[in-house]
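Student: To start, I am sharing the structure in question, which I have written as structure tokens.
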Amino acid sequence: MKKEIVDFRVIENCALSPLYSLLKLTPADGHELPEVKPGQFVQVEIDGSKHTFLRRPISICRVDRQTNLLWLLVRLAGEGTAVLLAAGEGRIINMILPLGNGFSMPEAGENPKTLLIGGGVGVAPLLQLGIELKNAGITPEFLIGARSEADLLMIEEFRKLGDVNISTDDGSAGEKGVVTLHSALSRGWDRIYCCGPAPMMKAVARVAKEIGADCEVSLENMMACGLGACLCCVEKTVKGNVCVCTEGPVFNIKELTW
Amino acid sequence: MVNLNVKIGSLELKNPVLTASGTFGYGTEFSDFIDLGRLGGYIVKGTTLEPRQGNDYPRMVETPSGMLNAVGLQNKGVDYFIDHIYPEIRHIDSKPIVNVSGAKVEDYVAVCERLADRTDIEAIEVNISCPNVKQGGMAFGTTCAGAAQVTKAVRKAFPGTVIVKLSPNVTDITEIARAVEAEGADAVSLINTLMGMAIDVERQRPYLSTITGGLSGPAVRPVAVRMVWQTAKAVSIPVVGLGGIMNGRDALEFILAGATAIEVGTANFIDPACTVKIIDYINEYCRRHSVSDINELIGAINR
């Protein structure tokens, strides 16, 4: 897939909470959105911030071809993401996309029992993945973890695609505790896709190995270029250190040394 | 028509814009964004005799107007480069320059010999200034004797243009430049990254796995311009300038200070197309200032 540098215009900035925004953007020149695979990401230029320098890698949440809108779910993490949370309608945001490899889709004719596990802002790429799985005839089920009910993001969007199971640390919604303790996990799965904080993904990877499920996780190591040039975002794999930006961000857990 | 051709030793460049080692991969990573054939040259990733895994993650942290890195020369080794990378890039209508690094003098020599025997690479950049490896690297670049020793050995092993990349982490960079000039270097390039450090105060730990790392980006540019200016006056071989060049204006600062060519590094991470914009800007600047040959601008502030 050819990578492009594209100016996008913010069409809508929906504040989901003081910490999260869902940005909907369209190419400023009116062109169609480039081809994108679920799990790929964009490198967003942060303009108008005093202390940021590098672009920020952000997962692609949804590619809505009907409205020509790209959705990005952004969590306030520092000065760079603060600029994005504050980006008003009409603002131009420069991006490089599509980057990374994305999740692998089942072969035609396969119908694996599939669970998508997301934690916090890590639910972002699972939306587009869920949509494409459903389009491929596979009904995805979701397991979403969050600190509390207020941190659950876009649950209604996921409910449109399949059953949604919820875990919260404080028990304010769904089952209390971490996702790996949720009763849904014990039902047996052929395939698990997971994106969230590293400790959560490592725990999910352990469970996936125990139950014999094929498992892919999406990593978010700190990046500079996002293009495989700087070699900063490396992850230790069975093949040695590899760039998360080009060899990932999605890895089958068999490739990792977890 | 403005002449942008410059010469570094026997290496002829169609324009003075190169890419800095470690920031441009092998060039092909950027082929979606620019026509690589427009570059004066591109300096490929630091190459060592044996493959290297580099340092542990985390290797990077953003800092004001720049970043610290501690990659530690991760690369697949010179044989992999010659067998798998070189065939992919040799058709590009630009000059590939291989950045050569090693823990021992013999390693530098072995890499140079293989490049000389098995490729048509016209120039190498000898890295005696990497701050992120325990052995070799900057250890050679911070003393005149060490720098001279590597240069002398490499000069014998490689018949083409030898550019020696200098460390700014020294008391007087001009002494090192003179030492490598005396041993037959065709040019010097400067500056490699400035050694730095950043601490996560919430975790009360350094950000980098190696604690210290190399600072790059516009934060280092004034230091780099000063060192290029001093060095260009101290030696008679060409100086290649780098350090925080983000745009054409920045590139011209280095040229006016005395650089014959420049390298674009960290800026590639922010705008992968910045190199061609810099070439266009230099061209436009020359027209605007009625300069018919870029060589007239080299060191022009001294005149």
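The values are calculated or read from the model by the stated rules, or taken from the named source; none is laboratory data. Only a predicted model underlies this, so the values are computations on that prediction, with no experimental measurement involved. Quick reminder, even Gly has a Cβ in these numbers, built from the backbone with ideal geometry, and neighbours come from all protein chains shown. Heavy atoms of the whole protein, side chains included, go into the accessibility calculation; ligands, DNA and RNA do not. Shrake-Rupley method; radii C 1.70, N 1.55, O 1.52, S 1.80 Å.
Student: Out of the residues in the range A:231-258 that are in contact with a helix residue (DSSP H, G or I) (Cβ under 6 Å, 6 or more places away or on another chain) and either under 19 Å from residue A:122 (Cβ atoms) or within 8 Å of chain B (Cβ to nearest Cβ) (or both), state the one that is most open to solvent (accessible area, probe 1.4 Å).
Tutor: It comes out as A:258.
Student: With a cut-off of at least 3 residues that are out of contact with any helix residue (DSSP H, G or I) (no Cβ under 9 Å at 6 or more places or on another chain), open to solvent by less than 10 Å² (accessible area, probe 1.4 Å) and modelled with pLDDT of 95 or more, name the strands (runs of 3 or more DSSP E) lying wholly within the range B:48-159.
Tutor: The strands (runs of 3 or more DSSP E) meeting that bar number zero.
Student: Residue B:29 passes all but one of (1) open to solvent by less than 20 Å² (accessible area, probe 1.4 Å); (2) in contact with a Gly (Cβ under 7 Å, 6 or more places away or on another chain); which number fails?
Tutor: Only one criterion is unmet by residue B:29, namely (1).
Student: Take residue A:97 and decide whether it is surrounded by 18 or more Cβ atoms within 10 Å (Cβ to Cβ), away from every other protein chain (no Cβ under 13 Å), touching a residue at least 60 places away in the same chain (Cβ under 8 Å) and aliphatic (A, V, I, L, M).
Tutor: No; evaluated as a whole, the condition is false for this residue.
Student: Does residue A:73 count as touching a residue at least 40 places away in the same chain (Cβ under 8 Å) and out of contact with any helix residue (DSSP H, G or I) (no Cβ under 8 Å at 6 or more places or on another chain)?
Tutor: no
Student: Which pairs have Cβ atoms under 8 Å, sit 6 or more apart or on different chains, and link a residue in the range A:30-59 that is within 13 Å of another protein chain (Cβ to nearest Cβ) to one that is charged (D, E, K, R) and open to solvent by less than 30 Å² (accessible area, probe 1.4 Å)?
Tutor: A:43/A:55; A:44/A:55; A:45/A:55; A:46/A:55
Student: Select from the range A:66-84 the residues that are in contact with a Phe, Trp or Tyr (Cβ under 8 Å, 6 or more places away or on another chain) and of a type outside the set (Lys, Arg) and write down the one among them that is surrounded by the fewest Cβ atoms within 10 Å (Cβ to Cβ).
Tutor: A:76
Student: Then there's this: Might you check whether a residue that is of a type in the set (Lys, Arg) and within 14 Å of chain A (Cβ to nearest Cβ) occurs anywhere in the range B:31-41? Before the answer, list the steps.
Tutor: Within the range B:31-41, the subset of a type in the set (Lys, Arg) is B:38.
Now restrict to residues that are within 14 Å of chain A (Cβ to nearest Cβ): none.
Taking every residue of the range B:31-41 in turn, none turns out to be of a type in the set (Lys, Arg) and within 14 Å of chain A (Cβ to nearest Cβ).
Student: Please go through the range B:45-72 and pick out each residue that is within 14 Å of residue B:99 (Cα to Cα) and touching a Cys at 6+ places or on another chain (Cβ under 6 Å).
Tutor: Matches in the range B:45-72: none.
Student: Any residue that is assigned to a helix (DSSP H, G or I) and either under 19 Å from the mean Cα position of the chain (by Cα) or of a type outside the set (Val, Ile, Thr) (or both) - is there at least one of those in the range A:98-115?
Tutor: No, the range A:98-115 has no match at all.
Student: Please indicate, with yes or no, whether at least one residue in the range A:176-199 is surrounded by fewer than 22 Cβ atoms within 10 Å (Cβ to Cβ), in contact (Cβ under 8 Å) with a residue 24 or more places away in the chain and within 13 Å of chain B (Cβ to nearest Cβ).
Tutor: no
Student: Out of (1) within 26 Å of residue A:19 (Cβ to Cβ); (2) surrounded by 14 or more Cβ atoms within 10 Å (Cβ to Cβ); (3) among the polar types (S, T, N, Q), what's the single condition that is false for residue A:148?
Tutor: (2)
Student: Collect the residues in the range A:204-225 that are open to solvent by 20 Å² or more (accessible area, probe 1.4 Å), free of Cβ contacts under 8 Å to residues at least 60 places away in the same chain and over 22 Å from residue A:56 (Cα atoms), keeping them in residue-number order.
Tutor: A:206, A:207, A:209, A:210, A:211, A:212
Student: Now for a separate question. Can you pull out every residue in the range B:250-303 that is among the acidic types (Asp, Glu), under 16 Å from residue B:38 (Cβ atoms) and either at pLDDT below 95 or within 17 Å of the chain's Cα centre (by Cα) (or both)? Steps first, please.
Tutor: From the range B:250-303, those among the acidic types (Asp, Glu) are B:250, B:253, B:263, B:271, B:280, B:284, B:293, B:296; that's our starting set.
Among the residues that remain, those that are also under 16 Å from residue B:38 (Cβ atoms) are: B:263, B:271, B:280, B:284.
B:263 - this is the single residue of the range B:250-303 that is among the acidic types (Asp, Glu), under 16 Å from residue B:38 (Cβ atoms) and either at pLDDT below 95 or within 17 Å of the chain's Cα centre (by Cα) (or both).
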